[in-house]
Amino acid sequence: MQPIRNIAIIAHVDHGKTTLVDKILHFCNLFRENEVQGDLILDSNDLERERGITIFSKNVSVQYKGVKINIIDTPGHADFGGEVERVLKMADGVLLLVDAFEGPMPQTRFVLKKALELGLKPIVVVNKIDKPYARVDYVLKKTESLFLELATIEDQLEFPVIYAVGRKGRVYNALPEDFSTPATVDPLLEKILAHVPGPKTDDQKSFKMVVSALDYDSHLGRMSIGKIHQGVVKTGKKLILTGDPTKIYKADKILISQGLGKVAVAEVGSGDIVTIAGIFESKIGETISE
Ligand code: GDP
């Protein structure tokens, strides 16, 4: 199976999450012309558009140096407490994106706390360093004290820092003197490969997955989304919800994220994030197994 990194992204509204993810997608699809770009990808949902905030958790996925990176969106605030935790459980690392003037905001504290409690490896992105009043030192100090308060594992305090002008797709390992270098998000993707561990995998055991999110498709009906904890799922496989083993369902279709869309595949192994159609009565938090 291909190596995988599952990373959640946390940011306060307007700190530039959508723009940065958009640039990562563009960068990784540089040589592919078959992706149709909407305006901003993570915000494509109508309700989100209306309210101007990212509510629903969605995944995008990119290929970088032979590794599949699943980027898991998180709600930027605490109103969705239960959802936050389930979504974060799919990740092994977390990107905290902070505005270079505003710094970390109280609203993201809850989500970051949950992420650190779950032991996720953090990477901090100081974004919008091009702002005329950017105060990177101040923002980093604020971020450090937040981590001092919330970290649960000592090495979470040694988080790598990336500096970004997300809007231009420019990302740096050290604060640059000027921002005129060609656009690349390479340093960020490199950091993800180097600092975020791959998911634990065991394809030999029987298939198990906790439903972290639900989606609906007019043809396929209810779709259960989650990270495969162990085992492999194949199209057509008989599956049960562990709460009621008498009812047998079939994996009508299994899909994985590719860029900003999803593609149907014949099988998916442990560690990857999968969407399964055919479990018509699944609920969030339930376990699907063989
Ligand atoms: P989100 O709410 O976190 O998804 O934020 P968006 O990606 O929608 O960005 C919010 C605003 O910040 C938009 O107007 C972006 O154009 C702007 N923005 C994003 N990245 C940068 C940046 O690197 N520098 C500056 N100055 N503005 C940025």
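The values are calculated or read from the model by the stated rules, or taken from the named source; none is laboratory data. Being a predicted model, the structure only gives us computed values, none of them experimental. Cβ sites come from the backbone with ideal geometry, for glycine too, and all protein chains shown count toward neighbours. Side chains included, ligands, DNA and RNA excluded: accessible areas come from the protein's heavy atoms. Shrake-Rupley method; radii C 1.70, N 1.55, O 1.52, S 1.80 Å.
Extension gain for GLU177 to SER289 (0.36 nm times residue separation, less C-alpha to C-alpha distance): 35.0 nm. How much of the accessible area of the chain, in percent, comes from carbon and sulfur atoms when a 1.4 Å probe is used? Answer for the chain: carbon and sulfur cover 52 percent of the accessible area. Placing dummy labels 7 Å off each Cα toward the beta-carbon, the span from GLU117 to ALA194 is 3.2 nm. Ranking LEU148, ILE273, VAL62 by how far each Cα lies toward the positive end of the dipole of the chain (charges on Cβ) leaves ILE273 at the top. Full extension of the segment from LEU148 to VAL265, taken as 0.36 nm per residue of separation minus the current Cα-Cα distance, would add 37.8 nm.
Count Lys and Arg as plus one, Asp and Glu as minus one, and take only other residues whose Cβ is under 12 Å from that of LEU146; the net charge is then +2. Note on the chain: dipole from Cβ charges, positive end direction compared against PRO182, THR246, VAL98; the farthest Cα belongs to THR246. Computed over segment 97-183, the percent of Cα pairs more than 20 Å apart is 34. Only Lys, Arg, Asp and Glu carry charge here, each on its Cβ (+1 for the first two, -1 for the last two); on that basis the chain has a dipole of about 520 debye about its Cα centre.
Approximating the spin labels as points 7 Å out from Cα along Cα→Cβ, the ASP137-to-GLN63 distance works out to 4.5 nm. With everything on Cα atoms, drop me the angle between helix 106-117 and the longest principal axis of the chain, reported from 0 to 90° to the nearest 10. Compared with the principal axis, the helix lies near 60 degrees.
Each peptide in 230-241, 172-183 gets a packing score, the mean of other Cβ atoms within 10 Å over its residues, and the list from highest to lowest is 230-241, 172-183.
The angle between the Cα long axis of helix 186-195 and the longest principal axis of the Cα atoms of the chain comes to about 60 degrees, rounded to the nearest 10.
The loop-placed GluC sites (Glu not before Pro) in segment 57-144, going by DSSP, include none that has at most 14 neighbouring Cβ atoms within 10 Å of its Cβ. Descending by average beta-carbon neighbour count within 10 Å, the peptides 255-264, 103-112 line up as 103-112, 255-264, the highest first.
Between ASP22, ASP99, ASP217, the residue with the greatest mean-square fluctuation in the GNM of the chain (Cα pairs under 10 Å linked by springs) is ASP217. In the chain, the longest principal axis of the Cα atoms and the axis of helix 17-28 are about 80 degrees apart.
For segment 72-203, the solvent-accessible area of protein heavy atoms averages 46 Å² per residue (probe radius 1.4 Å; ligands and nucleic acids excluded). From its DSSP helices (H runs of at least four residues, each -39,500 (n - 2.57)), the chain gives a residue-normalised ellipticity at 222 nm of -6500 deg cm²/dmol. Per the Debye formula on identical point scatterers at the alpha carbon atoms of the chain, with no solvent, log10 I(q)/I(0) at q = 0.08, 0.09, 0.16 Å⁻¹ is -0.33, -0.42, -1.30. Extension gain, ASP14 to GLN258: 0.36 nm times the residue separation minus the Cα-Cα distance gives 85.3 nm.
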